[in-house]
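Reviewing the structure listed below.
The values are calculated or read from the model by the stated rules, or taken from the named source; none is laboratory data. Being a predicted model, the structure only gives us computed values, none of them experimental. Don't worry about glycine lacking a Cβ; one is built from the backbone with ideal geometry, like all the others, and counts go over all protein chains shown.
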Amino acid sequence: MKPFSIFLMPILLIFFFACCTTVRAQTATNKIELGSFPVSVDAKMLMLDLQNELNASKQTLKNFVPSTRFVEKYNLQKIKGKYYISGFIQTNNAFSEKKLRKIKVHPGQPSGGIRTVMIPLSAFTSFLNQKGITYFELSKKLEVN
């Protein structure tokens, strides 16, 4: 019985480490994390659902095509073949509109320290790490009673 377990143990260890390494690599490439500023509860839910869809589809954010359910739930806009997240940002003096435009985010006109934004889904993680933004609120679809 012992010779069999000596043979089986290395195989099990190799299998275990191979599986753990693969899972770690997949989650590291598609990890959607909070950035340098707080976000609304709805934005956190979007991030969680986005993470789940990325993991299920095994796609990267760069070439991700969201499900119809995801598009409807978060009211994503499709413009010229790209999906956009719409929301509001609150900014401070360190904010740079130029840096937002560099990652293809479309900022609206400011009203005080608040402005609208259209964020390409593919640039969402870059958006979450922008300096000068103090809060992000996800836009919601208007519901008529």
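Going residue by residue through the stretch 89-100, is there one that turns out to be within 24 Å of V71 (Cα to Cα) and touching a helix residue (DSSP H, G or I) at 6+ places or on another chain (Cβ under 7 Å)? Spell out the reasoning first.
To start, the set of residues in the stretch 89-100 that are within 24 Å of V71 (Cα to Cα) comprises 89, 100.
Still in the list and also touching a helix residue (DSSP H, G or I) at 6+ places or on another chain (Cβ under 7 Å): none.
So far as the stretch 89-100 goes, no, none of its residues is within 24 Å of V71 (Cα to Cα) and touching a helix residue (DSSP H, G or I) at 6+ places or on another chain (Cβ under 7 Å).
Looking at N75 and the list (1) in a loop (DSSP other than H, G, I, E, B); (2) among the polar types (S, T, N, Q); (3) closer than 17 Å to Q51 by Cβ, which single condition is not satisfied?
With (1) in a loop (DSSP other than H, G, I, E, B); (2) among the polar types (S, T, N, Q); (3) closer than 17 Å to Q51 by Cβ applied to N75, the lone miss is (3).
Go through the residues of the stretch 78-98 one by one and say whether even a single one is part of a helix (DSSP H, G or I) and surrounded by 11 or more Cβ atoms within 10 Å (Cβ to Cβ). Outline the logic, then answer.
Taking the stretch 78-98 and keeping what is part of a helix (DSSP H, G or I), we get 97-98.
This time we only want the ones that are surrounded by 11 or more Cβ atoms within 10 Å (Cβ to Cβ), so: 97.
Checked the stretch 78-98: at least one residue is part of a helix (DSSP H, G or I) and surrounded by 11 or more Cβ atoms within 10 Å (Cβ to Cβ).
Checking T116 against (1) part of a loop (DSSP other than H, G, I, E, B); (2) surrounded by fewer than 19 Cβ atoms within 10 Å (Cβ to Cβ); (3) free of Cβ contacts under 8 Å to residues at least 40 places away in the same chain, which test does it fail?
(1)
With the checklist (1) within 17 Å of S40 (Cα to Cα); (2) assigned to a loop (DSSP other than H, G, I, E, B); (3) in contact with a Leu (Cβ under 8 Å, 6 or more places away or on another chain) in hand, flag the one item F124 doesn't pass.
Result: F124 passes all but (2).
Out of A56, A123, report the one residue that is exposed (fewer than 12 other Cβ atoms within 10 Å of the Cβ) and free of Cβ contacts under 8 Å to residues at least 40 places away in the same chain. Explain how you work it out, then say what you get.
Numbers: A123 fails: exposed (fewer than 12 other Cβ atoms within 10 Å of the Cβ).
On inspection, the qualifying residue turns out to be A56.
Suppose we filter K44, K104, K73, K2 for residues that are modelled with pLDDT of 85 or more, surrounded by fewer than 16 Cβ atoms within 10 Å (Cβ to Cβ) and farther than 22 Å from N129 by Cβ; which single one remains?
Numbers: K44 fails: farther than 22 Å from N129 by Cβ; K104 fails: farther than 22 Å from N129 by Cβ; K2 fails: modelled with pLDDT of 85 or more.
That would be K73, the only listed residue that is modelled with pLDDT of 85 or more, surrounded by fewer than 16 Cβ atoms within 10 Å (Cβ to Cβ) and farther than 22 Å from N129 by Cβ.
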